[in-house]
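Visitor: So that we are looking at the same thing, I have put the structure below in structure tokens.
The values are calculated or read from the model by the stated rules, or taken from the named source; none is laboratory data. Since this is a predicted model, take the numbers as computed values, not measurements. Cβ placement follows ideal geometry from the backbone for every residue including glycine, while neighbour counts extend to all protein chains displayed. The accessibility values were calculated without ligands, DNA or RNA, using every heavy atom of the protein model including side chains. Shrake-Rupley method; radii C 1.70, N 1.55, O 1.52, S 1.80 Å.
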Amino acid sequence: MYEVKIIARTVLPVKLNQELIVVVDDIRIDGMGIVYVTAKYPLYVADALPGEKVHLLVTQVDKFSGYAKVLDWLESSDKRQNSDRQYLIDAGTAPLVNLKYEAQLELKQAQVKRLFEEQHIDVSVDRTIGMDNPTYYRNKTIVPVKWQNDHLTSGFYKRGTHDLVPMDDYFVNDAEIDQAIIVVRNILEKYDITAFDPDLERGAIRYIMIRRGYYSHELMVVLVSNEEVISHETEIIADIRNQLTELKSLILNYSPKKDYVLLSPNNRILWGGKAIYDTLLGYEFIIGPNSFYQVNPQTTEVLYDLAAQKADLKPTDTVIDAYSGIGTIGISVASRVKKVLGVEVVPGAVADAQLNLQVNNISNAEYILADAPVQFKKWQEQGLKPDVVFVDPPRRGLTTSLINATTDMSPEKIVYISCNPVTLSRDAVEIIENGYHIDGSVLPVDQFPQTSHVESITVFRKD
């Protein structure tokens with residue numbers, strides 16, 4: 001006899017293209033509204049605020065969740081505002097642009113607190129520190145370009161598609177950066193420069209990257225190219241120089257799509273210097289095309305000053321700056337402590353940090369090229385016992401090896417500056433298990449208004 005196997009068919013609670021009238025239950029960490037069709041099946045919806053009654057169209061479904069778009073708002077939240085910038089919602093670059101700013105700050109505080117609660121960590125979370133003017137604040141942007149309707153278009157790709165949403169006003173960039181994008185894009189169009197097509201996987205220019213010093217007003221333009229050389233380089237250089245009076249650095253970054261997501265280390269100076277300068281908390285910093293430098297300089301000054309205050313630094317302290325980048329945190333606290341030791345795995349960043357020490361005449365700090373966990377073990381073997389360790393990791397957070405290497409050195413305090421509360425709360429569990437507790441409250445700082453991201457400061461003290 002043959003055994004007949006019956007495979008159960010998954011019956012989803014919603015269908016593609018189904019229309020629903022629902023009340024929005026919650027908002028996700030990425031700014032998308034959440035509608036629970038069943039207790040375990042959420043629909044994610046852009047531009048939908050908790051408590052709103054909305055008419056939805058289901059646009060995507062799978063076994064575990066789906067996506068929908070709002071056809072109409074039947075009952076709107078009193079926290080909603082009309083920004084007249086729906087293109088930012090479509091592209092996903094500013095998902096909270098229709099949420100009143102005070103409500104954005106409240107949301108970010110609540111999300112940080114909830115993530116700690118989910119990890120069963122009892123901690124108070126302060127009110128989010130915001131900006132007086134939460135618009136046009138970014139000192140850097142990198143935008144894709146694409147030929148559409150016989151024009152070279154700049155903007156951002158619509159969520160989950162290769163359709164470019166055209167933009168001239170990005171709302172979160174320094175307004176001079178927005179104007180520079182238009183100038184460069186139009187010059188590239190004038191010379192009929194090809195743009196990288198993600199569907200055909202060919203073409204030259206992938207992105208235009210612009211940096212502008214908040215205090216210095218020095219401008220850097222980086223043409224991120226899928227090809228090593230672009231046509232009409234001489235003419236393009238001359239036109240960009242003539243039309244951008246603040247220009248100090250023009251660079252071609254050769255970044256073939258098959259090898260790199262965004263920028264590569266392969267920079268060729270087309271004109272000017274290899275870096276620009278700006279100041280932060282009164283210190284001068286050299287900023288190259290690949291440098292990690294906080295994108296909101298106004299709030300970064302607040303963030304670093306508050307981190308130093310919460311660390312309660314003393315003139316006798318030895319401080320380690322992990323993920324030190326070009327030295328911004330370590331240099332900003334050097335005058336308050338005895339010694340700063342920075343460690344960074346990116347060679348260019350360490351070279352910049354060492355130059356920044358010279359530029360600012362700082363003699364009590366040094367920066368080392370090494371993988372932080374390996375260097376921490378070396379320092380421990382040498383008998384180094386830091387008083388404070390600053391960690392400012394990327395969104396993926398800390399590794400277990402770095403957490404262990406840090407706590408093995410037994411610093412009195414670990415100051416965790418986080419750009420992702422999901423990984424912060426996860427890492428907090430390991431740090432606490434290794435003999436530390438959260439000292440005081442967690443302080444969210446709104447580095448990224450109109451977006452779902454939030455920075456925060458957490459101090460861990462040795463038990």
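Visitor: Whenever you get a sec, compute what percent of the accessible area on the chain sits on carbon and sulfur atoms (1.4 Å probe).
Guide: 50
Visitor: How large, in Å, is the chain by the Kirkwood hydrodynamic radius built from its alpha-carbon pairs?
Guide: Mean inverse Cα-Cα distance, inverted, gives 24.3 Å.
Visitor: Would you tally the net charge around Val337, using a Cβ to Cβ cut-off of less than 10 Å, leaving Val337 out, and scoring K and R as +1, D and E as -1?
Guide: The answer is +2.
Visitor: Then there is this: With each run of n ≥ 4 DSSP H residues scored as -39500 (n - 2.57), what mean residue ellipticity at 222 nm is computed for the chain after dividing by its residue count and rounding to the nearest 500 deg cm²/dmol?
Guide: -8000 deg cm²/dmol
Visitor: If you don't mind, another one. Step through the residues of the stretch 322-332 one at a time and calculate ³J(HN,Hα) from phi using the Karplus curve (6.51 cos²θ - 1.76 cosθ + 1.60, θ = phi - 60°), rounding each to whole Hz and writing x for Gly and Pro.
Guide: Once rounded to whole Hz, the list reads 7, 6, 6, x, 8, x, 4, 5, x, 5, 5.
Visitor: Residues with amide H under 5 Å of Glu455's amide H, sequence separation 5 or more or different chain, H placed in the peptide plane at 1.01 Å from N; which?
Guide: Sorted by chain and number, the residues that satisfy this are Val445, Gln447, Phe448.
Visitor: Which parts of the stretch 381-395 would a label at Met409 reach, counting a residue when its backbone N lies under 18 Å from a point 7 Å out along Cα-to-Cβ?
Guide: Label zone hits: 381-394.
Visitor: Counting only residues 5 or more places away or on other chains, whose amide H sits under 5 Å from the amide H of Arg206 once H atoms are built in the peptide plane?
Guide: Excluding prolines and chain starts, which carry no amide H, the hits are Phe196, Val224, Ser225, Asn226.
Visitor: I would also like to ask the following. Sorting check: for 411-424, 112-125, which peptide has the highest mean count of neighbouring beta carbons within 10 Å, and how do the rest follow? Intermediate results must be reported in sequence, preceding the final value.
Guide: Working: 411-424: 22.1, 112-125: 15.5.
Listed from highest to lowest mean packing, they are 411-424, 112-125.
Visitor: Would the stretch 376-458 count as rounded, prolate or oblate if I go by the C-alpha gyration tensor, calling it rounded below 1.5 in a/c and otherwise prolate when a/b exceeds b/c, oblate otherwise?
Guide: It is prolate, given that a/c is not under 1.5 and a/b is the larger ratio.
Visitor: Find how much the distance from Gln119 to Ser83 grows on full extension, using 0.36 nm per residue of separation minus their present alpha carbon separation; answer in nm with one decimal.
Guide: So the extension gain works out to 9.4 nm.
Visitor: Output ³J(HN,Hα) for the stretch 78-84: one whole-Hz value per residue in order, computed from phi by the Karplus curve 6.51 cos²θ - 1.76 cosθ + 1.60 with θ = phi - 60°, and x for Gly and Pro.
Guide: For the stretch 78-84, the Karplus curve yields 6, 8, 7, 10, 9, 8, 6 Hz.
Visitor: Largest first and to the nearest Å, give the Cα extent of the stretch 311-454 along each principal axis.
Guide: That works out to 39, 37, 28 Å along the principal axes.
Visitor: Apply the a/c threshold of 1.5 to the C-alpha gyration tensor of the stretch 52-96 and tell me whether it is rounded, prolate or oblate.
Guide: In terms of gyration-tensor shape, oblate.
Visitor: Follow-up question, since we're still on this one. Give me the distance in nm between label points sitting 7 Å out from Cα along the Cα-to-Cβ direction at Ala175 and Thr161, one decimal.
Guide: For Ala175 paired with Thr161, the spin-label model returns 3.1 nm.
Visitor: Per 0.36 nm of contour for each residue apart, how much would the distance between Glu228 and Asp25 grow if the chain were fully extended, relative to their Cα-Cα spacing?
Guide: 68.1 nm
Visitor: Further question: For the chain, give the share of DSSP beta bridges that are antiparallel, in percent and rounded to the nearest 5; count only bridges with both residues there.
Guide: 65
Visitor: Over the chain, what relative contact order in percent results from Cα pairs under 8 Å that are six or more residues apart?
Guide: 12
Visitor: How much length would be gained if the chain were fully extended between Lys377 and Glu75, taking 0.36 nm per residue of separation minus their Cα-Cα distance, in nm to one decimal? It would help to have the intermediate numbers written out before the result.
Guide: On the way: separation 302, 0.36 × 302 = 108.72 nm, distance 5.80 nm.
Using 0.36 nm per residue and subtracting the Cα-Cα distance, I get 102.9 nm.
Visitor: Measure of size requested: the Rg and Dmax of the stretch 344-394, with Cα atoms as the atom set and Å as the unit; please supply both.
Guide: According to the Cα coordinates of the stretch 344-394, Rg and Dmax are 12.1, 32 Å.
Visitor: Ok, one more. Hey, how many Å between the Cα centroid of the stretch 351-369 and the Cα centroid of the stretch 211-260?
Guide: Here the two parts' Cα centres lie 27 Å apart.
Visitor: Next question. If you count only protein heavy atoms with a 1.4 Å probe, what accessible area per residue comes out for the stretch 346-463, rounded to a whole Å²? All intermediate terms of the calculation are to be shown ahead of the outcome.
Guide: Numbers: 4450 Å² over 118 residues.
On a per-residue basis, 38 Å².
Visitor: With only alpha-carbon atoms counted, please give the Rg and Dmax of the stretch 48-204, in Å.
Guide: Radius of gyration, then largest Cα-Cα span, for the stretch 48-204: 19.3, 60 Å.
Visitor: Once you order the gyration tensor axes a ≥ b ≥ c over the Cα atoms, which shape class does the stretch 285-335 get: rounded for a/c under 1.5, otherwise prolate or oblate by comparing a/b with b/c?
Guide: Oblate shape, in that a/c is at least 1.5 and b/c is the bigger or equal ratio.
Visitor: Please find the FRET efficiency linking Ser441 to Leu369, where r is the Cβ-Cβ separation and R0 is fixed at 30 Å, and quote it to the nearest 0.05.
Guide: 0.25
Visitor: In debye, nearest 20, what is the charge dipole magnitude of the chain about its Cα centre with +1 on Lys and Arg Cβ and -1 on Asp and Glu Cβ, if you could check?
Guide: Charge dipole, the chain, about its Cα centre: 660 debye, nearest 20.
Visitor: Let me ask something additional. For the stretch 1-160, what's the relative contact order in percent, using C-alpha pairs closer than 8 Å and at least 6 residues apart?
Guide: 15
Visitor: Cross-link partners among lysines for Lys339, C-alpha distance below 24 Å, same-chain residues fewer than 8 apart left out?
Guide: Partners within reach: Lys310, Lys314, Lys377, Lys378, Lys385, Lys413, Lys462.
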